[in-house]
Amino acid sequence: MKALPFNIPKPKNESLVFQIDREHIFYEQFHQHEEIQISYIVRGTGTLIVGDSINEFNSGDILIIGGLIPHVFKSEPINDEDSEMFTLFFAKNSFGNEFFNLPDLVATKSFFEKAEMGAKVISHKSEIIEWFQKLPNSDKIEQLGILLKILDTISKARTSRLSNFIYKKNYTDIEGKRMGDVLKFVMEHYSEQITLEQISDEAHLSKNAFCRYFKKRTNKTFFQFLIEIRIENACKLLVNEPERAITSICEQCGFNNMANFNRKFKALKGCTPSNYRHKFTN
């Protein structure tokens, strides 16, 4: 299940795949796969883009990404430690078209509804983590039993959406690479003043064609998306570097004046940067 092509093929003859990732940096390539993905972040922190939305992930998070939802993990280096993630991959029809329609499994309908837009688990996390920790030493039959326990628990749990809009068409490898190149450029250069000409060149499209392309696939303009990336990174710095001046964070995150930074921050987070810092560091 490594993220090499944009569309990742499932290993042959495997209905359920359990994967352990230990890497200094998780996938830096935008990708999708037919399988639903349930991931437990054992260790690590970073940014997760799912569909149209930018999210933060941290150690202990349990994340659900529905089938064919384009996404990318970008972890932040933690000293010399590797990030680590346990993941289950499976499709709704992996065990037969009617398996999850069996009367004993009808309660899992809630899980599949949550998976459609991606979800982050809020409650029942310790119970789910316990099941994940059993997976490395379990055989295939035991792993299937654990999957059903995890699905049942997530169905009852409170969750929050990871995305608000999903482009309902499969990306071709060419399209996926184009969007991947755009996202990679933004995540590496968000602190700089990115022009429409620059980002259009990165996508190998004219400016007008790029604007249409990006809006169609994310339901937002490129510059809306860029502001969201900048604000999410500002949030991390506000919490992780509590002694650092907010003016310095404003500048590092690509804003050229404090008034604009405060306005955009409040529009997305509902409070000022200083109030956000106070809320999460006290």
Once the dipole of the chain is set up from charges on Cβ (+1 Lys and Arg, -1 Asp and Glu), the residue from the list T218, I174, S191 lying farthest towards its positive end is T218
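Which order do the peptides 258-265, 145-152 come out in when sorted by mean C-beta neighbours inside 10 angstrom, highest first? Could you put the intermediate results ahead of the total?
Details: 258-265: 16.2, 145-152: 18.5.
So the peptides 258-265, 145-152, ranked by packing, come out 145-152, 258-265.
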Calculated FRET value between Q252 and N219, using beta carbons and R₀ = 22 Å, to 0.05: 0.20
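Within 10 Å, count the other beta carbons around each residue, average over each peptide in 91-103, 45-57, and list them highest first.
Values: 91-103: 13.0, 45-57: 20.8.
Descending mean neighbour count gives 45-57, 91-103.
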Taking 25 Å as R0, compute the FRET efficiency from the Cβ-Cβ separation of K207 and L268 and round it to 0.05. 0.45
Taking a spot 7 Å from the Cα of I141 along the direction of its beta carbon, which residues of the range 79-106 have an amide N less than 12 Å from it? none
Result row for the chain, helices from DSSP H with C-alpha axial extent 20 Å or more and mean Kyte hydropathy at least -0.5, is 140-156, 173-189, 222-240
Förster radius 35 Å - calculated FRET efficiency between S59 and T195, Cβ distance, rounded to 0.05: 0.45
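Normalising by the residue count of the chain, find the relative contact order in percent from Cα pairs under 8 Å and 6+ residues apart. Could you put the intermediate results ahead of the total?
Details: 460 pairs, mean separation 47.6, N = 282.
Rounded, it is 17 percent for the chain.
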Which pairs, out of K207/K269; K74/K109; K184/K216; K184/K266; K184/K236; K92/K120, put more than 22 Å between their alpha-carbon atoms? K207/K269; K74/K109; K184/K266
Distance from the range 47-83 to the range 118-142 (C-alpha centre basis), Å: 17
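In the neighborhood of N275, defined by Cβ-to-Cβ distances under 13 Å, what is the net charge if each Lys or Arg adds +1 and each Asp or Glu adds -1? Kindly include the intermediate steps, with their values, before the conclusion.
Details: positive: K266, K269, R277, K279; negative: none.
My count for the surroundings of N275 gives +4.
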Go through (1) 19.7, 59; (2) 22.5, 94; (3) 19.5, 67 and flag the label whose value is the computed Rg and Dmax of the Cα atoms in Å for this structure. (1)
Starting with the highest mean, order 268-275, 235-242 by the number of other Cβ atoms within 10 Å, averaged over the residues of each peptide. 235-242, 268-275
In whole angstrom, note down how far apart the Cα centers of the range 181-217 and the range 240-278 are. 24
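Sum -39500 (n - 2.57) across every DSSP H segment of at least 4 residues in the chain, then divide by the residue count to get the 222 nm mean residue ellipticity, nearest 500.
On the way: 10 runs with 118 residues, N = 282.
One gets -13000 deg cm²/dmol as the mean residue ellipticity at 222 nm.
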Taking only C-alpha positions in the range 7-161, Rg and Dmax in angstrom work out to 14.8, 49
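Bear in mind these aren't lab numbers, they're just calculated from the coordinates by the rules spelled out. Computed from a prediction, not measured in an experiment: that's the story for all the values here. In this analysis, Cβ positions are derived from the backbone assuming ideal geometry, glycine residues included, and neighbour counts consider all displayed protein chains.
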